[in-house]
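> The structure under discussion is supplied below as structure tokens; questions concerning it will follow.
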Amino acid sequence: MAERKFRVWRSDAENKDAGSFVDYTIDVDSGMVVLDAIHRIQAHQANDLAVRWNCKAGKCGSCSMEINGRPKLACMNRLNEYDPAETITVQPLKSFPIIKDLVTDVSWNFEQNQKIAPFKPKLPEADGQYRMKQADTDRVQEFRKCIECYLCQNVCHVLRDHQQKDNFVGPRFMIRLASLEMHPLDRADRIPQIRKEFGSGMCNITKCCTEVCPEHINITDNGIIPLKERVVDRYYDPVMWMWNKITGGDKQG
Amino acid sequence: MAQAHEAGGHAQAFRSHNRTDNWWIGPLLTFLGLSAFGVYATWAAFQGAHYFHGSYLSPFYSPVIFVEETAAGSPPLHHAWLGAWPGWWPGFLPHSPAFFILVFPGFFRFTCYYYRKAYYRSVPPHTPPGCAVTSMPQKKYMGESRLLLFQNLHRYALYFALIFIVILSYDAFKSFFRDGQLGVGVGSIVLLINATLLAGYTLGCHSFRHLIGGRLNCFSCSSGHELRHKLWSKATILNRKHMLWAWVSLFWVGFADLYIRMVSMGILKDFNTWTN
């Protein structure tokens, strides 16, 4: 058993926007993750420390926080990744309002999700069945790995630093839009919304969302950029616009 | 020990962060790399000489549109697509064929999705300087929806880049023939690698990947779509390492120019199977 130092954000009891870092020193065991350490602090030194968690297996996306300044899942971040002498700083997500200590209010994300036109299937085949080939589903299956931890939303500088929540839906929902737009059986047209309301042009593809994704979804290359290219097809490429008019390209699979 | 901080302990000032890793190394190396290439390419473009030797033509100057035959290390007149240097050319600019060329690959790289990430991070206004490192404050951040709307023209730059791949591949092929004699020299290997690396970079381009198949929703709906799915899959393989292709091809195209320049100036000897 060894000692480790932590610097944890604690909010004020009366004003949740105010607060301070509080230092804790605890004994840690080998194999512990940051969430274990937070729980030990909670159990022995700060019973009122608030932290959201659930599965402890990197699959529920609840324990998102910033550890040494980097957005991470606390349950997947082992203590031995840090130098033993280093003080580990733990903070709540920056992009969302703080409820208490390490817990933030991420409900803005649920509101964005509701704005997205749902899956609208084509007519079934003559026998009443829908059929897709594996080649058609491979691409969208990557997007289905999302656990909605909102680390990508938190690190996106458009939301985090420029407070453009009214103009950009964020990487998580660009991925959801991509999964619907690229779906071989879907026939809804979301491109005008993607450009205007969801703000594809606000993303300057600096890939921080991809860097922090715990599911290793290639958010930028496979989701956002293809959507930006579809917006270009529709609005910024006269040749493609003409081609689509002649061939009905936008309506084709 | 408690200390007062902004909400959540997140400072709002430009470049503020709580990261303990060396996040700034990447943007710094990017800035140095792009600056070094920019300075060298500009210098090389302004030379207007020593871009041709034997069967080697510098990729910065290919294809030769007009030629100033009196310049040292320039090709004979029949190499130029439109002949001798025109009289209308402004006197304050050197007679350099590179001025007709570099704007095309320059625009292709400037609007490239990888390079956009690279220079948005490493060049002011740093949007952002690093992940979870505070961006420079802006009155109203508009991303690529206003001033930078032209980035959407990347695919047009791609069309030109594809033409250049054909031209540079032809140059590489021709570099193995001198006075009608098949041979090989270090320069021909350099130009062959150059065309290969530029092809790897261009064919892994996000716009190319989209146009070749990514824009389809159903890959299996017709034989044409199945073929495009195969091409899309190949472009995806290249696209996964787009950053690597971007840097290696950038370095090599500069090196190819430098090599031919050195050989043409007589500073380096080109080892080859011909006699000169």
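> Failed condition for B:TRP88, given (1) closer than 19 Å to B:LEU102 by Cα; (2) aromatic (Phe, Trp, Tyr); (3) out of contact with any His (no Cβ under 6 Å at 6 or more places or on another chain), with all others met?
Single failed check for B:TRP88: (1).
> Any residue at all in the range B:81-92 that is touching a helix residue (DSSP H, G or I) at 6+ places or on another chain (Cβ under 8 Å), without any contact (Cβ under 8 Å) to a residue 24 or more places away in the chain, away from chain A (no Cβ under 14 Å) and in a loop (DSSP other than H, G, I, E, B)? Full working, then the answer.
Going residue by residue through the range B:81-92, those that are touching a helix residue (DSSP H, G or I) at 6+ places or on another chain (Cβ under 8 Å) are B:83-84.
Okay, now just the ones that are also without any contact (Cβ under 8 Å) to a residue 24 or more places away in the chain, so B:83-84.
This time we only want the ones that are away from chain A (no Cβ under 14 Å), so: B:83-84.
After this cut, where a residue has to be in a loop (DSSP other than H, G, I, E, B) as well, the list is B:83.
Within the range B:81-92, one or more residues are touching a helix residue (DSSP H, G or I) at 6+ places or on another chain (Cβ under 8 Å), without any contact (Cβ under 8 Å) to a residue 24 or more places away in the chain, away from chain A (no Cβ under 14 Å) and in a loop (DSSP other than H, G, I, E, B).
> Condition check: modelled with pLDDT under 95 and either buried (at least 18 other Cβ atoms within 10 Å of the Cβ) or touching a strand residue (DSSP E or B) at 6+ places or on another chain (Cβ under 7 Å) (or both). Does B:ARG19 satisfy that?
Details: modelled with pLDDT under 95: no; either buried (at least 18 other Cβ atoms within 10 Å of the Cβ) or touching a strand residue (DSSP E or B) at 6+ places or on another chain (Cβ under 7 Å) (or both): yes.
For B:ARG19, the condition - modelled with pLDDT under 95 and either buried (at least 18 other Cβ atoms within 10 Å of the Cβ) or touching a strand residue (DSSP E or B) at 6+ places or on another chain (Cβ under 7 Å) (or both) - is not met.
> From B:VAL263, B:VAL253, B:VAL190, B:VAL186, grab the single residue that is of a type in the set (Val, Ile, Thr), touching an Asp or Glu at 6+ places or on another chain (Cβ under 6 Å), more than 11 Å from every other protein chain (Cβ to nearest Cβ) and surrounded by 16 or more Cβ atoms within 10 Å (Cβ to Cβ).
On the way: B:VAL253 fails: touching an Asp or Glu at 6+ places or on another chain (Cβ under 6 Å); B:VAL190 fails: touching an Asp or Glu at 6+ places or on another chain (Cβ under 6 Å); B:VAL186 fails: surrounded by 16 or more Cβ atoms within 10 Å (Cβ to Cβ).
B:VAL263 is the lone residue from the list that is of a type in the set (Val, Ile, Thr), touching an Asp or Glu at 6+ places or on another chain (Cβ under 6 Å), more than 11 Å from every other protein chain (Cβ to nearest Cβ) and surrounded by 16 or more Cβ atoms within 10 Å (Cβ to Cβ).
> Based on this model, can you work out whether B:GLY26 counts as within 14 Å of another protein chain (Cβ to nearest Cβ), part of a helix (DSSP H, G or I) and either within 30 Å of B:GLY180 (Cα to Cα) or free of Cβ contacts under 8 Å to residues at least 12 places away in the same chain (or both)?
On the way: within 14 Å of another protein chain (Cβ to nearest Cβ): yes; part of a helix (DSSP H, G or I): yes; either within 30 Å of B:GLY180 (Cα to Cα) or free of Cβ contacts under 8 Å to residues at least 12 places away in the same chain (or both): no.
Taking the combined requirement at face value, the residue does not satisfy it.
> Looking only at the range B:24-48, count every residue that is farther than 21 Å from B:PHE164 by Cβ, in contact with a Gly (Cβ under 9 Å, 6 or more places away or on another chain) and crowded, with 18+ Cβ neighbours inside 10 Å and tell me the total.
1
> In the range A:105-124, which residues are under 14 Å from the mean Cα position of the chain (by Cα) and surrounded by 15 or more Cβ atoms within 10 Å (Cβ to Cβ)?
Once the filter is applied, which keeps residues that are under 14 Å from the mean Cα position of the chain (by Cα) and surrounded by 15 or more Cβ atoms within 10 Å (Cβ to Cβ), the range A:105-124 yields A:VAL106, A:TRP108, A:ASN109, A:GLN112.
> Whether any residue in the range A:190-202 is buried (at least 20 other Cβ atoms within 10 Å of the Cβ), charged (D, E, K, R) and assigned by TED's automatic domain parsing to the domain that holds A:ILE225 is what I want to check. Working first, answer last.
Narrowing the range A:190-202 to residues buried (at least 20 other Cβ atoms within 10 Å of the Cβ): A:194-195, A:198-202.
Within this subset, residues satisfying the condition of being charged (D, E, K, R) are A:195.
Within this subset, residues satisfying the condition of being assigned by TED's automatic domain parsing to the domain that holds A:ILE225 are A:195.
Yes, because at least one residue in the range A:190-202 is buried (at least 20 other Cβ atoms within 10 Å of the Cβ), charged (D, E, K, R) and assigned by TED's automatic domain parsing to the domain that holds A:ILE225.
> Do any helices (runs of 4 or more DSSP H) entirely within the range A:150-192 hold 1 or more residues that are under 19 Å from A:TYR235 (Cβ atoms), and if so, which? Outline the logic, then answer.
On the way: elements: A:151-155, A:157-160, A:171-181.
Ranges flagged: A:171-181.
> Under the condition of being hydrophobic (A, V, I, L, M, F, W, C) and in contact with a Cys (Cβ under 9 Å, 6 or more places away or on another chain), which residue from the range A:163-201 is modelled with the lowest pLDDT?
Within the range A:163-201, the subset hydrophobic (A, V, I, L, M, F, W, C) is A:168-169, A:173-175, A:177-178, A:180, A:182, A:185, A:188, A:191, A:194, A:198.
Among the residues that remain, those that are also in contact with a Cys (Cβ under 9 Å, 6 or more places away or on another chain) are: A:168, A:174-175, A:185.
Values: A:PHE168: 98, A:MET174: 98, A:ILE175: 98, A:LEU185: 95.
For the range A:163-201, the residue satisfying everything is A:LEU185.
> Condition first: part of a loop (DSSP other than H, G, I, E, B) and basic (Lys, Arg). Now tell me which residues in the range B:135-155 satisfy that. So that I can check it myself, show each step before the final result.
Taking the range B:135-155 first, the residues part of a loop (DSSP other than H, G, I, E, B) are B:135-146.
Listed by number, the residues that qualify are B:LYS139, B:LYS140, B:ARG146.
> Select from the range B:220-240 the residues that are of a type in the set (A, V, I, L, M) and surrounded by fewer than 19 Cβ atoms within 10 Å (Cβ to Cβ) and list them in ascending order.
B:LEU227, B:LEU231, B:ILE237
> On to the next question. Filter the range A:36-69 down to residues that are touching a Lys or Arg at 6+ places or on another chain (Cβ under 6 Å) and buried (at least 19 other Cβ atoms within 10 Å of the Cβ) and give me whichever is nearest to A:ARG160 (Cα to Cα).
Within the range A:36-69, the first condition is being touching a Lys or Arg at 6+ places or on another chain (Cβ under 6 Å), and the residues that meet it are A:50, A:62, A:69.
Next cut, buried (at least 19 other Cβ atoms within 10 Å of the Cβ) only: A:62, A:69.
Working: A:SER62: 19, A:GLY69: 13 Å.
In this case the residue turns out to be A:GLY69.
> In the list A:ILE219, A:ILE191, A:ILE147, which residue meets the criterion of being in contact (Cβ under 8 Å) with a residue 60 or more places away in the chain, more than 8 Å from chain B (Cβ to nearest Cβ) and either within 29 Å of B:PHE14 (Cβ to Cβ) or over 13 Å from the mean Cα position of the chain (by Cα) (or both)?
On the way: A:ILE191 fails: in contact (Cβ under 8 Å) with a residue 60 or more places away in the chain; A:ILE147 fails: either within 29 Å of B:PHE14 (Cβ to Cβ) or over 13 Å from the mean Cα position of the chain (by Cα) (or both).
Result: A:ILE219 is the single residue among A:ILE219, A:ILE191, A:ILE147 that is in contact (Cβ under 8 Å) with a residue 60 or more places away in the chain, more than 8 Å from chain B (Cβ to nearest Cβ) and either within 29 Å of B:PHE14 (Cβ to Cβ) or over 13 Å from the mean Cα position of the chain (by Cα) (or both).
> Still on this model: Restricting attention to the range B:137-170, and to residues there that are out of contact with any Asp or Glu (no Cβ under 8 Å at 6 or more places or on another chain) and of a type in the set (D, E, K, R), which single residue is nearest to the other protein chains (Cβ to nearest Cβ)?
B:GLU144
> Among (1) within 30 Å of B:PHE219 (Cβ to Cβ); (2) in a helix (DSSP H, G or I); (3) of a type in the set (A, V, I, L, M, F, W, C), there is one condition A:PHE198 misses while meeting the rest; what is its number?
Only one criterion in (1) within 30 Å of B:PHE219 (Cβ to Cβ); (2) in a helix (DSSP H, G or I); (3) of a type in the set (A, V, I, L, M, F, W, C) is unmet by A:PHE198, namely (2).
> Quick one: in the range B:164-183, which of the residues that are surrounded by fewer than 22 Cβ atoms within 10 Å (Cβ to Cβ) and polar (S, T, N, Q) is nearest to B:PHE104 (Cα to Cα)?
B:SER169
The values are calculated or read from the model by the stated rules, or taken from the named source; none is laboratory data. No experiment lies behind these values; they were computed from the predicted model shown. We place every Cβ from the backbone using ideal geometry, glycine too, and count neighbours over all the protein chains shown.
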